[in-house]
Structure formats: structure tokens, C-alpha cells
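In what follows, a single structure is set out as C-alpha cells and then discussed.
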Amino acid sequence: MSMTTLLSDPQTATALLPEFTLIVGIVLMILVPNLGKGTFRIPLPNTNIRIPYLLGGERFTFTSSPRIPGIISVLTLLFSTSLALWSQMETPLSGSNVWCISTAGEAFASCAGMADPTLLQIDGFSRLVEIIFYGSLMLCAVAMWSRMPATPRFMIHAQVLAGRREDERIQKLLDNRRQVDFHLLLLMVALGMSVVALASDVFVLFIGLELASLSSYVLIAFMKENEEAPEAGMKYFILGSVTSAIGLYGISLLYLWNGNL
């Protein structure tokens with residue numbers, strides 16, 4: 001199943017709109033904060049003609065704002081939640097709100113009689129689980145809107161003691177790299193848990209769980225100013241790695257016994 005197949009089939013693309021929205025949000029999270037006044041000089045003698053390509057260089061004011069990553073994250077999760085709800089409303093075109101996506105990337109209104117094995121199944125329960133995940137991650141994104149500084153804790157404390165107000169400090173932060181990393185990982189967790197919610201194949205479920213877990217390992221240890229964060233992240237990584245290895249071994253035994261997953 002390739003991305004071209006998923007996008008070329010209108011039914012499949014419509015059924016997976018919440019997941020495609022998350023992918024678009026991840027791409028925007030990477031591109032938008034890097035928009036700037038970067039230019040490329042044409043390599044001609046005795047000329048200084050520069051062509052703007054809008055990536056790199058001095059960043060624009062709005063792209064360097066520490067609130068931009070949070071806005072992209074919240075809007076992406078909000079749109080994904082809305083599309084997940086909308087997908088469960090019966091439409092005259094499909095007449096069904098249950099979709100099964102095969103290994104060939106085609107969507108069917110029923111899993112019965114499919115020639116290829118089913119990888120993803122979209123129904124009311126899977127969308128409900130997705131909405132719960134999206135809502136939880138949206139709360140995390142909103143909670144971290146103004147709580148993640150771009151400077152270490154001791155520098156913040158010194159600035160506050162010097163009489164600099166917190167709101168003013170947040171507004172003037174130009175380095176939003178940490179915010180970008182945090183919200184990018186948050187969207188990766190959302191995408192991984194979406195795959196978990198829709199998976200009807202054990203190996204696909206494992207892939208989605210690993211995608212969410214790898215991002216979670218970094219998120220646990222993200223606040224590096226806190227002494228407990230790196231230790232907690234390392235413990236979670238060791239525990240998760242052992243669990244994943246045992247789970248993958250169990251999946252291999254299941255495949256040997258049953259012939260499919």
C-alpha cells in the first residue's frame with residue numbers, strides 16, 4: 001500500500017481525512033517556523049542578483065513567535081477531531097460510515113468479501129477512540145501554550161527578579177525551536193495513536209504504537225531543566241524497548257501459528 005494509492009482513491013482519501021490532516025500539520029510544523037528572508041545568489045560573474053526562497057536566513061516576525069507552533073498544533077488537532085466526527089455522519093454518496101482499507105489501499109464500505117486482507121477499519125468505535133486521543137493531546141497543547149520557555153529556568157528566574165514581566169518576556173521570545181520540537185512530537189503521537197485506533201492488523205497496530213511510543217520517550221524527558229525528566233525518560237525508554245521486543249516476538253509467533261495477522 002503506497003501513498004499514491006491512498007491519495008488516488010477518492011473513497012480512501014475521504015475516509016482517512018483526519019489522518020491526512022495530521023500529516024499536513026506535521027509538514028506545516030516543520031516548514032512554517034523556518035520561513036525567513038533566505039536568498040540564493042545567482043552564480044554569474046559581476047552580478048549580485050539574489051532570488052528569495054523564503055527558507056532560512058533571518059526569520060520573519062510571525063514565524064519566530066513562540067506561539068506559532070502551539071497554534072498550528074491546536075488547529076491541526078481541532079480539524080482532525082472535526083473531520084473524525086464528520087466521517088461518522090452518513091452521506092448520500094456513501095450511505096455508510098464504516099470503511100475497511102485493504103493492503104492494496106482501497107476502501108470498501110464493508111469488510112465482508114474483501115479479496116485482500118484488511119489493514120485499517122474505520123467505524124464509530126475507532127473514531128471515538130481517536131477523538132479521545134485528539135482531545136487529550138489538544139489539552140496538552142493548550143496547557144503548554146505559554147508554559148514552555150526558550151531559556152533555562154535559572155535565566156528566567158533572574159529575568160523575573162530583574163523586574164521583567166512574564167507576559168512581556170513570552171511576547172519577546174524569538175527562539176521558538178523548543179516549542180516546535182514539542183508540538184511536532186505531540187502531532188507524531190496523535191498520528192501514531194490514530195493508527196492504533198484504526199488498526200485491524202496486529203503488525204499495523206504495533207507500528208502505530210511504536211510511532212507514538214518513540215515520540216513519547218522524548219516528550220517525557222523534554223523539560224531538561226528538571227533533574228527528574230532525563231531519568232524518567234530513560235526509564236520509560238528501557239521499559240518501552242523491552243516491552244516492544246517482547247511484543248514483536250509474540251507477533252512473530254502468532255504469524256508462524258496462524259499464517260497472517
Stretch Ile51-Leu17 to full length: gain in nm at 0.36 nm per residue minus the Cα-Cα span? 8.7 nm
Quick one: if you stick a label point 7 Å off each Cα along the C-beta vector at Ile251 and Phe203, how many nm between them? 0.8
Ranked list, fewest to most other Cβ atoms within 10 Å of each Cβ, for Cys100, Cys140: Cys140, Cys100
What is the gain in length, in nm to one decimal, between Leu85 and Ala229 on full extension, counting 0.36 nm per residue of separation less the C-alpha to C-alpha distance? 48.3 nm
May I ask for the distance between the Cα centers of the range 212-261 and the range 15-65, given as a whole number of Å? 34
Can you sort Glu231, Glu19, Glu58, Glu210 from fewest to most other Cβ atoms within 10 Å of each residue's own Cβ? Glu58, Glu231, Glu210, Glu19
Expected output is a single nm value to one decimal: the length gained when fully extending between Leu239 and Ala143, i.e. 0.36 nm times separation in residues minus the C-alpha distance. What is it? 31.8 nm
Under 5 Å between amide H atoms, partner at least 5 residues away or on a different chain: which partners does Leu120 have, H built in plane at 1.01 Å? Ile101, Ser200
Residue by residue through the range 119-127, what is 3J(HN,Hα) from phi via Karplus (6.51 cos²θ - 1.76 cosθ + 1.60, θ = phi - 60°)? Round to whole Hz and write x for glycine and proline. 9, 10, 10, 10, 9, x, 5, 5, 5
Using the count of nearby Cβ atoms within 10 Å as a rough guide to exposure, how do Trp145, Trp257 rank from fewest to most? Trp257, Trp145
Between Leu55 and residues 5 or more places away or on another chain, the pairs with built amide H atoms under 5 Å apart involve Gly36, Gly38
Which ³J(HN,Hα) values in Hz, rounded to whole numbers, follow from the phi angles of the range 12-18 under the Karplus curve 6.51 cos²θ - 1.76 cosθ + 1.60, where θ = phi - 60° and Gly and Pro get x? 5, 4, 5, 5, 9, 4, x
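The numbers here are math on the coordinates, done by the rules we state, and not lab data. What you see is a predicted model, and the numbers here were worked out from it, not measured in a lab. All Cβ positions, even for glycine, are placed from backbone atoms using ideal geometry, and neighbour counts span all protein chains on display.
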